[in-house]
Every structure is written in structure tokens, then in C-alpha cells.
Amino acid sequence: MDYVIGCDLGSQGVKTILLSADGKMVGESGVGYGINYPYPTWAEQSPDLWIEALHGAVRKLIADCGVEATKIRAIGLDAQVDGVVPINNQGNVLRPAIIWMDRRAVAQCNYLTKICTDKNSFQLTGLNLDASHVAPKIRWLAEMNLIFIRKRLIFCYREVFWLFT
């Protein structure tokens, strides 16, 4: 029998489910991880924790369900939105990821509202100007970490980072 694994990469952990080819749930597993709050309004996580949790949850799922890994035909990923992971061209993480609940980029949003109305921003991006979104977080990284401006970097969403690794 063939199987599919679904992975939900959440704020506090990874949950995995194993589905049979006909869509029946065979089993589930999960591994938790914490959120770091280094300052008020900040929320960060180490991408290494995500990778460890994902690998651990998938291994546990396969072992608990007693299926052969060769019978798994696909893996689907779903992740929390609006997190940003700065990496270099080799895929090395340069700092902890800034996750969706982080609000440090309020000043960057205030600046953007002076040069672009919320309506124009929405028309251009499909998003309102809010510190929880990725663009203000990238602007914060550029302003606070000048080294990021001088190097060729990649800023990726959490789920894209997982695919990259």
C-alpha cells in the first residue's frame, strides 16, 4: 500500500499525519519546540529546532505506524505564515527566524505609511501594512543589521527554508 505524509509546521511544534492512498488516516505524531522572546514584542525561533522536530516527528510516525519508508509517495508541508529566515547563498542560517507573532517592525510600517498608503500597499502586495508581515521584518533586518545589506542574501518563508534544506 502507498502512503502520503502531511506535516503541519506550527508555532509550537510539528504535527505529522500518515494517510493511506485512499485518504484514510493511519497515524499521527508530533514534536514540540519553544519560542524565544528576547525582548518585548519580539518572537524568534531557531530553524535548527524546526528541522530536528520535523525529522523526529516523521521518523516517529513511520516507526509507530510500522510502514516501510519506501511506500511513502509524497510529503506535504504546511507552515505558519509571515516568518522570515535570513540565509546566505550556501543556505546557512544567519540569525534566528523572526516568526509571525513578532511585532518589532512597527517603526518600519510607520515609515512605509508615509510613502505608500495602506490601500496602495494592498493593491501592490495583497497585504495591509502590518508589522507581522514579512516585508517590514526584512526592512528591520536591513536597518538594524547593516551586514545584511552588504552581502547577497536570501530571505525566505519558513516553508521555503525547509524545502531549501
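Taken together, the values in this text are just the output of simple stated rules run on the coordinates, not laboratory data. Bear in mind that the values here come from a model prediction, so they are computed numbers and not experimental data. FYI the Cβ positions are ideal-geometry reconstructions off the backbone, even for glycines, and counts take in every protein chain you see.
Between A74 and L127, what is the FRET efficiency for a Förster distance of 35 Å, r being their Cβ-Cβ separation, to the nearest 0.05? Write out the running numbers ahead of the final one.
Details: r = 30 Å, r/R0 = 0.85.
Efficiency, from the Cβ-Cβ distance: 0.70.
From the residues Q90, L112, W100, which one has its Cα farthest along the dipole of the range 75-121 in the positive direction, the dipole being from +1 and -1 charges on Cβ of Lys/Arg and Asp/Glu about the Cα centre?
Value computed over the given set: L112.
Nothing charged except the Cβ atoms of Lys and Arg (+1) and of Asp and Glu (-1): what's the magnitude of the dipole of the chain about its Cα centre? Round to the nearest 20 debye.
Numbers: 17 positive and 16 negative charges, 129 e Å.
Charge dipole of the chain: 620 debye, to the nearest 20.
Among DSSP beta bridges lying fully in the chain, give the percent that are antiparallel, nearest 5.
Values: 22 of 29 bridges.
Given both bridge residues lie in the chain, the antiparallel proportion sits at roughly 75 percent.
Helix 47-65: angle to the longest alpha-carbon principal axis of the chain, degrees 0 to 90, nearest 10?
20
In degrees, nearest 10, range 0 to 90: what is the angle between the Cα axis of helix 134-144 and the longest Cα principal axis of the chain?
Helix 134-144 and the main axis of the chain meet at about 60 degrees.
Shape verdict for the chain, please, from the Cα gyration tensor: rounded (a/c under 1.5), prolate (a/b greater than b/c) or oblate.
Working: a/c = 2.47, a/b = 2.06, b/c = 1.20.
Judged from the Cα gyration tensor, the chain comes out prolate (a/c at least 1.5, a/b above b/c).
Choose one of N128, I62, I72: the residue whose Cα lies farthest towards the positive end of the charge dipole of the chain (beta-carbon charges +1 Lys, Arg; -1 Asp, Glu; about the Cα centre).
Comparing the listed Cα positions along the dipole, N128 ranks first.
So for the range 1-79, taking the charge dipole from beta-carbon charges (+1 Lys/Arg, -1 Asp/Glu), which of G34, V4, S46 sits furthest toward the positive end?
V4
Rounded to the nearest 10 degrees, what's the angle between the helix 106-115 long axis and the longest principal axis of the chain, both from Cα atoms, 0 to 90?
60
Using a cut-off of 18 Å between alpha-carbon atoms, which aspartates and glutamates can reach K119, once sequence neighbours fewer than 8 places away in the same chain are excluded?
Counting by Cα, and skipping residues close in sequence, K119 has these aspartates and glutamates nearby: D130.
If you add up the charges near W42, with Lys and Arg at +1 and Asp and Glu at -1, over every other residue whose beta carbon is less than 13 angstrom from its beta carbon, what do you get? Don't skip to the answer; put the middle values down first.
On the way: positive: R95, R103, R104, K137; negative: E44, D102.
For residues surrounding W42, the net value is +2.
Given only helices, namely DSSP H runs of n ≥ 4 each adding -39500 (n - 2.57), what is the per-residue ellipticity at 222 nm of the chain, to the nearest 500 deg cm²/dmol? Show your work: numbers first, answer last.
Values: 6 runs with 60 residues, N = 165.
Estimated from H runs of four or more residues: -10500 deg cm²/dmol.
Could you tally the net charge around K15, taking each other residue with its Cβ under 13 Å from the Cβ of K15, Lys/Arg +1 and Asp/Glu -1?
Details: positive: K60; negative: D8, E28, D78.
Neighbour charge sum, excluding K15 itself: -2.
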